[in-house]
């Protein structure tokens, strides 16, 4: 064991600087209660301090906190002890948590109608494939809850958001079961039937789509206007044709100063045959050209 000599107080005022007189190497020692008790030779106080430090975070308590989901850094910071001391007792518990996460992936997720035939790992991998996400970037973890049951957590990143899904893992025959605890886990069970993330389109595409829809509407309105105009023209032509068919033919009337004499027929002249009458109740209908020209037919 090398002997050191005290050089003085460190700049931070919380440490003592010591130096090796042979090699000139310097060391820094924290100036805590243990150093003060040791410098005074107070063995009783030094023993009490050691007991207090050990009682603040015993190995069993360190393992219990790690098993409950805390990290080595969190435990060391909360207890005020070096991480190296926590790692010695946390390592076997971290292996246990990793093992439970692996076993949970072989469990069967529970749906409304019962356990799924596929395993939890297969269901999650299928959901990531449907969404177009990289399943290899997701990480599994587990810890024991206050009720003694294992909670399995899946972490993955989508864009800038960190997502987490949690299940309750119950070991058992054929891999056990896994029950979803939140919406993320339930969505992974049924990625096709549950809500899908909304696709955001760029503003330029929305503007082009709006202009296209408006052009279609305008073309429909123009088509309707043309159809209405054609219908009006056809109606007008029908009215003109109907008026042409019912033109009245004027019949000339004799004037007042008409002095035309009726010729006399001699008595010995042969009788003129009277025109044949038409059939009863069937008047003679004038021809179309007679009505159109306004003359009387001799028929």
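Observations
- Residue that is nearest to residue 14 (Cα to Cα), among those in the stretch 29-72 that are in a loop (DSSP other than H, G, I, E, B) and at pLDDT 85 or above: 71
- Condition met for residue 138 (closer than 15 Å to residue 180 by Cα and either in the same structural domain as residue 179 (by TED's automatic domain parsing) or surrounded by fewer than 16 Cβ atoms within 10 Å (Cβ to Cβ) (or both)): no
- Going through (1) exposed (fewer than 12 other Cβ atoms within 10 Å of the Cβ); (2) part of a loop (DSSP other than H, G, I, E, B); (3) at pLDDT below 65 one by one, residue 194 falls short only on (1).
- Boolean, residue 175 is modelled with pLDDT of 85 or more, closer than 21 Å to residue 100 by Cα, out of contact with any helix residue (DSSP H, G or I) (no Cβ under 6 Å at 6 or more places or on another chain) and surrounded by 15 or more Cβ atoms within 10 Å (Cβ to Cβ): yes
- Within the option set 104, 90, 127, being assigned to a helix (DSSP H, G or I), in contact (Cβ under 8 Å) with a residue 40 or more places away in the chain and under 23 Å from residue 64 (Cβ atoms) holds for one residue only, 104.
- Residue in the stretch 114-123 that is assigned by TED's automatic domain parsing to the domain that holds residue 158 and under 22 Å from the mean Cα position of the chain (by Cα) present: yes
The values are calculated or read from the model by the stated rules, or taken from the named source; none is laboratory data. Not measured: the values here are computed from a predicted model. FYI the Cβ positions are ideal-geometry reconstructions off the backbone, even for glycines, and counts take in every protein chain you see.
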